[in-house]
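Here the structure is laid out as structure tokens; the discussion comes afterwards.
The values are calculated or read from the model by the stated rules, or taken from the named source; none is laboratory data. As the structure is a computational prediction, the values presented were derived from the model and not from experiment. A quick note on method: Cβ atoms are made from the backbone with ideal geometry, for glycine too, and the neighbour counts reach across all protein chains shown. Areas reflect the complete protein model, heavy atoms only, side chains present, ligands, DNA and RNA absent. Shrake-Rupley method; radii C 1.70, N 1.55, O 1.52, S 1.80 Å.
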Amino acid sequence: MITSREHTALSAYLKLLRNKGVDRYNLRQREVCILKLIPFINEIESDGAEYRSAVDDFLIILDPSERSAYLSIVREYFPFWMDDIKAIAALNADKAYESIPYEWMPLKADLNKLWSMLDQDILTSQEKLPVDTYEKALRAYGTDECSIDTSLKLVKLLMLRLRDAPHKEPKVYRKAVDSNLPFFTVVETHHMFLKVGREFYYFWKGDKVSDKTTRREAVFA
């Protein structure tokens, strides 16, 4: 019997979903995704940065139409692979593993137009607060000005897409992130947007994150 770290984590992941009432078709979809991912992660350390790098390599081989769904699955699987009980409990509390999908989706928008108008769009004081807090964190970690400017544009785009979100839960944030992914077709910008999305989630949600490592290695979405 195979009892590798990856398969043990997969069994635990599927068991939780089964207990949440996820149907057989969706369980199988997740199983197939993780089985395809395993060759990319079975020889790496249990580390968030290495996992994300492996996931990026995995996504490249997929048809673009599959990437959004697969990305959501590999995010859900990550804390099981890390054997991070606290992260699983936190995500479970945030209803990240519920079988009933959230109906909310960001309003359809011309992303090219939205991007070109970013400087003209004004965030409310409530929307601006997590953006300002994120900027302070980037500066505290010594991030260069060019990266800060790019990161702030990306999170502002996210804030505009999340403007009518009904609640601050992982699946809502993921939908906003995933709805923007088609806009970033160049590999480097695609990776940059996902990186910023991972970092900014906790600021958007209002969680207190004590250090850089915790924030970057946790799974938002």
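General observations
Listed here are the residues, each with its yes/no results for (1) open to solvent by 30 Å² or more (accessible area, probe 1.4 Å); (2) more than 13 Å from Phe200 (Cα to Cα); (3) in contact with a Lys or Arg (Cβ under 7 Å, 6 or more places away or on another chain).
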| residue | (1), (2), (3) |
| --- | --- |
| Gln120 | yes, yes, no |
| Gln126 | yes, yes, no |
| Leu129 | yes, no, no |
| Gly142 | yes, yes, no |
| Leu152 | yes, no, no |
| Val155 | no, no, no |
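- For region 1-82, the helices (runs of 4 or more DSSP H) that sit wholly inside it and include 1 or more residues that are under 16 Å from the mean Cα position of the chain (by Cα) and basic (Lys, Arg) are 48-60, 64-81.
- Filtering region 157-166 to residues that are of a type in the set (D, E, K, R) and open to solvent by less than 30 Å² (accessible area, probe 1.4 Å) leaves only Arg161.
- Search result, residues across region 1-46 that are in contact (Cβ under 8 Å) with a residue 12 or more places away in the chain and surrounded by fewer than 12 Cβ atoms within 10 Å (Cβ to Cβ): Ser4, Gly21, Asp23
- Wholly within region 111-206, helices (runs of 4 or more DSSP H) carrying at least 3 residues that are free of Cβ contacts under 8 Å to residues at least 40 places away in the same chain: 125-140, 145-161, 187-205
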